[in-house]
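Just so you know, all these numbers are worked out from the coordinates, no wet-lab data involved. Note that the structure is predicted; figures quoted are calculated from it, not measured. Methodologically, a virtual Cβ is constructed for each residue, glycine included, from the backbone with ideal geometry; neighbour enumeration extends over all protein chains shown.
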Amino acid sequence: MTLKEMDQNYVLQTYARNYVNFVKGENSILYDEDGKDYVDFGSGIAVCSVGHGNPRLAKAICDQVSNITHISNLYLIEPQARLAKRLAELSGIDAVTFFANSGAEANEGAIKMARKYGEVEGEVKRYKIITLEHSFHGRTITALKATGQESMHNYFGPFPDGFVYAKNIADIYNHIDDHTVAVMIELVQGEGGVQPMQKQEVQALASELKKRDILLIVDEVQTGIYRTGELLASNLYEITPDIITLAKGLGGGVPIGAIMTTHKEILKTGEHGSTFGGNYLSTRAALEVLSILEEHKNSGELDHIMIMFEERLKEIADKYSNLFEKEVGVGFMRGLRVKEGRDAGEIINAAFDNRVIVLKAGRNTVRFLPVLTMTKEEMLLGFERFESALSSL
Ligand SMILES: *Cc1c(COP(=O)(O)O)cnc(C)c1O
């Protein structure tokens, strides 16, 4: 039986998989079983923030798991405490953190926090949460209901009550009523098509919500951990949300989710928990990821490579105006919006045939989520291959 047959016969087929077999990784480069190299402009969907096979991360994880991997949250966990402190320090947000295992789970916890806030603050019970159309908040029943894409809700109802979808930031105000407790948004929509929100609009929303005692939850599962150039997109937008959720890039590939909140006593002992959340393995990994990326940021290298990447992408959007409408995004969360009548999937497949990995977002966006530690050589090689792909179309 081939590996492909094994996968198709024994793994639940929920993914449209590409059956390449990667066996080795070095920063932005992946090698398949035949030794062919691929430039990875997707980093496992924004997860491999410090690259594949990062020696510092590998050493930190090995040191940790050859000692203690897990002891449960019944006891003090040193790297968990240190990680929570680092997140507060590096973000400049005076927050406490709860650790979970994924983005969806972090969002579930954020929604629980909002529901609790709506129960104990104010005269009437407030429970409604406004989210945006084209948003993506995860696959659990509640996070799915929070996701403003009706097509994803097929088959799985009935859902929890209290989710309302606004068309855009300006439309959020039209949906606020006496039962509204929170607004939950991505500052740059990822899965929805690499769609950055406008900074002034977001800042105005944040201050209006504060006045009305409505919580602002920012889903930074994709935008967080230097993806936009700052630790948090909230730092880039210069806002202080009530609740921020993190996951993807935080563990550099080790599953971890996090909920940061400035409401330090919103949940009390016994009101939330997780068996695995914040264990030695994931928090030790995340601490190392943060220290690698903090150095990378402080050296100026991160900003430098992000600027070069944006310039190259703009050139490509201009040069291949037969295929692309424009370049979109911020930092290392970028996209090329494909022209009406052209197919993003076709471009992504051609890129793969030329051994460069890019992703799809929304209906018509070719998405780029490079490794944050990508070198200039890796970037140039990736774009060279991407252009060969484009000229073949
Ligand atoms: C990926 C993503 C999620 C879901 O994260 P999982 O770890 O897959 O549960 C939630 N929100 C946003 C913005 C995401 O990009």
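Packing order of peptides 184-190, 372-378, 115-121, highest average first: 184-190, 372-378, 115-121 (average count of other Cβ atoms within 10 Å over each peptide's residues).
Distance from the alpha carbon centroid of the range 232-270 to that of the range 57-122 works out to 8 angstrom. Ranking LEU302, LEU369, ALA389 by how far each Cα lies toward the positive end of the dipole of the chain (charges on Cβ) leaves LEU369 at the top. Ranking VAL221, ALA166, THR97 by Cα position along the charge dipole of the range 58-298, where only Lys, Arg, Asp and Glu carry charges on their C-beta atoms, puts THR97 farthest toward the positive end.
Of ASN154, LEU57, GLY345, which is farthest along the charge dipole of the chain in the positive direction, counting Lys and Arg as +1 and Asp and Glu as -1 at C-beta? Looking along the dipole axis, the top candidate is ASN154. Helix 301-319 and the longest principal axis of the C-alpha atoms of the chain enclose an angle of approximately 60°. The alpha carbon gyration tensor of the range 105-181 gives principal lengths a ≥ b ≥ c with a/c of 1.5 or higher and a/b no greater than b/c, which makes the shape oblate. Across the chain, what fraction of all alpha-carbon pairs, as a whole percent, falls in each successive 10 Å bin from zero upward? In whole percents, the pair-distance histogram is 5, 22, 32, 27, 12, 2, 0. For the chain, the mean residue ellipticity at 222 nm estimated from helices alone is -11500 deg cm²/dmol, where every DSSP H run of n ≥ 4 contributes -39500 (n - 2.57) and the total is divided by all residues, rounded to the nearest 500.
Scoring 235-242, 301-308 by mean Cβ neighbours within 10 Å over their residues and listing the highest first yields 235-242, 301-308. The slack in the chain from ASN73 to LYS59, taken as 0.36 nm per residue of separation less the alpha-carbon distance, amounts to 2.6 nm.
For the range 293-393, what is the charge dipole size about the Cα centre, in debye to the nearest 20, if Lys and Arg each add +1 at the Cβ and Asp and Glu each add -1 at the Cβ?
The calculated dipole for the range 293-393 is roughly 400 debye.
Computed from point charges on the beta carbon alone (+1 for Lys and Arg, -1 for Asp and Glu), the dipole magnitude for the chain about its Cα centre is near 400 Debye. Of all DSSP bridge pairs formed entirely within the range 58-298, close to 40 percent run antiparallel. Relative to the longest principal axis of the Cα atoms of the chain, the long axis of helix 344-353 lies at roughly 50 degrees. P(r) tail, the range 15-130: Cα-Cα pairs separated by more than 18 Å, 72% of all pairs. The GNM of the chain, with springs linking C-alpha atoms under 10 angstrom apart, assigns the highest mean-square fluctuation among ASP178, ASP219, ASP40 to ASP178. Ranking of GLU294, GLU315 by neighbouring Cβ atoms within 10 Å, starting from the fewest: GLU315, GLU294. For the pair TYR19 and LYS211, a Förster radius of 51 Å applied to the C-beta separation gives a FRET efficiency near 0.40, rounded to the nearest 0.05.
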